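A.B. asks: Sharing a structure here in structure tokens format.
The values are calculated or read from the model by the stated rules, or taken from the named source; none is laboratory data. It should be emphasised that the depicted structure is a prediction, and the values quoted were computed from it without experimental measurement. Using ideal geometry, Cβ is built from the backbone for each residue, glycine included, and neighbour counts are taken over all protein chains shown.
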């Protein structure tokens with residue numbers, strides 16, 4: 001089953017024997033074996049029984065709370081794993097050291113190369129449109145990564161590459177009724193940005209779970225600067241997965257008309273755009289399907305799901321930090 005998403009307001013989460021059940025309005029919404037549950041995400045309001053809470057902690061199942069629009073509120077999970085050696089290696093890697101520069105280059109290279117492959121694929125499918133300008137700009141940001149020697153300069157290349165990609169994002173949308181001009185985060189003021197922000201919130205939950213399993217401190221990152229309460233390392237590892245998972249799901253939902261403009265509403269004061277209840281359920285279904293889809297991991301040489309790849313990448317990062325491998329290989333798929 002993977003991750004359980006609960007979007008029904010005032011739902012009750014409980015357990016009976018070895019099963020998790022979710023009820024609302026005197027109806028059973030979900031009844032599954034706990035052994036199949038890898039995480040729970042609550043969107044909106046829900047109540048959970050003390051017995052269910054204890055069971056989640058004992059089984060190392062994380063519970064995250066998001067608003068209905070996907071804004072992260074908080075997270076309940078067991079204590080950090082006992083693998084102090086991973087965290088020691090993480091803490092010993094300091095800013096602008098060769099090891100940290102290598103890691104940051106990897107995160108950015110993975111993200112930008114996956115952006116480039118997305119546009120190259122679009123160019124093959126729709127050669128009548130102008131893709132070459134953005135592809136060339138992405139290549140110009142990827143090429144100097146290996147010779148760039150400061151993290152701030154690497155962040156500048158990442159920003160330039162992202163701007164080139166999102167400058168063509170509107171051409172990836174094939175249906176009428178949806179438009180995209182620029183990435184707008186806080187708040188998202190159009191349906192496309194609303195879906196991207198919502199998807200990235202879900203991805204953050206999954207990457208934070210993966211790095212917790214491996215034994216990292218989620219708050220100490222390298223590409224993202226330290227900020228009180230921000231899981232910087234989870235945001236770091238998210239980068240290479242953004243185009244592979246979230247952007248792909250957003251484009252699938254729009255281009256296959258799984259979602260339409262009628263699935264969105266706008267808050268009159270903030271102008272924030274958010275999904276309807278039914279639209280949110282559809283997006284969650286598509287996101288979970290994407291996570292469970294399989295591909296051949298270029299480093300492991302075997303089939304795995306994206307859900308498994310989150311932990312694989314975290315473990316590859318741990319091996320590099322602990323000196324067991326000579327490099328960190330970001331996940332790049334063509």
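A.B. asks: Any residue that is in the same structural domain as residue 162 (by TED's automatic domain parsing), under 19 Å from the mean Cα position of the chain (by Cα), assigned to a loop (DSSP other than H, G, I, E, B) and within 19 Å of residue 183 (Cβ to Cβ) - is there at least one of those in the stretch 210-228?
C.D. replies: Yes, that holds for at least one residue.
A.B. asks: Which condition breaks for residue 56 when tested against (1) more than 23 Å from the chain's Cα centre (by Cα); (2) over 21 Å from residue 284 (Cα atoms); (3) modelled with pLDDT of 85 or more?
C.D. replies: That leaves (1) as the condition not met.
A.B. asks: Which condition breaks for residue 98 when tested against (1) surrounded by fewer than 17 Cβ atoms within 10 Å (Cβ to Cβ); (2) over 30 Å from residue 323 (Cα atoms); (3) modelled with pLDDT of 90 or more?
C.D. replies: Only one criterion in (1) surrounded by fewer than 17 Cβ atoms within 10 Å (Cβ to Cβ); (2) over 30 Å from residue 323 (Cα atoms); (3) modelled with pLDDT of 90 or more is unmet by residue 98, namely (2).
A.B. asks: Out of 74, 68, report the one residue that is under 24 Å from residue 9 (Cβ atoms) and in a loop (DSSP other than H, G, I, E, B).
C.D. replies: Residue meeting the stated conditions: 68.
A.B. asks: Taking the stretch 83-97 only, how many residues are without any contact (Cβ under 8 Å) to a residue 40 or more places away in the chain and either assigned to a loop (DSSP other than H, G, I, E, B) or over 20 Å from residue 232 (Cβ atoms) (or both)?
C.D. replies: 2
A.B. asks: Can you name the number of the only condition in (1) in the same structural domain as residue 14 (by TED's automatic domain parsing); (2) in a loop (DSSP other than H, G, I, E, B); (3) on the phi < 0 side of the Ramachandran plot that residue 128 fails?
C.D. replies: (1)
A.B. asks: Going residue by residue through the stretch 143-153, is there one that turns out to be surrounded by 22 or more Cβ atoms within 10 Å (Cβ to Cβ) and modelled with pLDDT of 90 or more?
C.D. replies: No, every residue in the stretch 143-153 fails to be surrounded by 22 or more Cβ atoms within 10 Å (Cβ to Cβ) and modelled with pLDDT of 90 or more.
A.B. asks: Here's something else I'd like to know. Check 276, 258 and return the single one that is assigned by TED's automatic domain parsing to the domain that holds residue 99, touching a residue at least 24 places away in the same chain (Cβ under 8 Å), over 18 Å from residue 109 (Cα atoms) and in contact with a helix residue (DSSP H, G or I) (Cβ under 7 Å, 6 or more places away or on another chain).
C.D. replies: 258 is the lone residue from the list that is assigned by TED's automatic domain parsing to the domain that holds residue 99, touching a residue at least 24 places away in the same chain (Cβ under 8 Å), over 18 Å from residue 109 (Cα atoms) and in contact with a helix residue (DSSP H, G or I) (Cβ under 7 Å, 6 or more places away or on another chain).
A.B. asks: What number goes with the only condition from (1) closer than 30 Å to residue 147 by Cα; (2) in contact with a helix residue (DSSP H, G or I) (Cβ under 9 Å, 6 or more places away or on another chain) that residue 98 does not pass?
C.D. replies: Looking at each condition in turn, residue 98 falls short on (2).
A.B. asks: List the strands (runs of 3 or more DSSP E) inside the stretch 234-320, counting only whole elements, that have at least 3 residues being surrounded by fewer than 17 Cβ atoms within 10 Å (Cβ to Cβ).
C.D. replies: 294-296, 303-305
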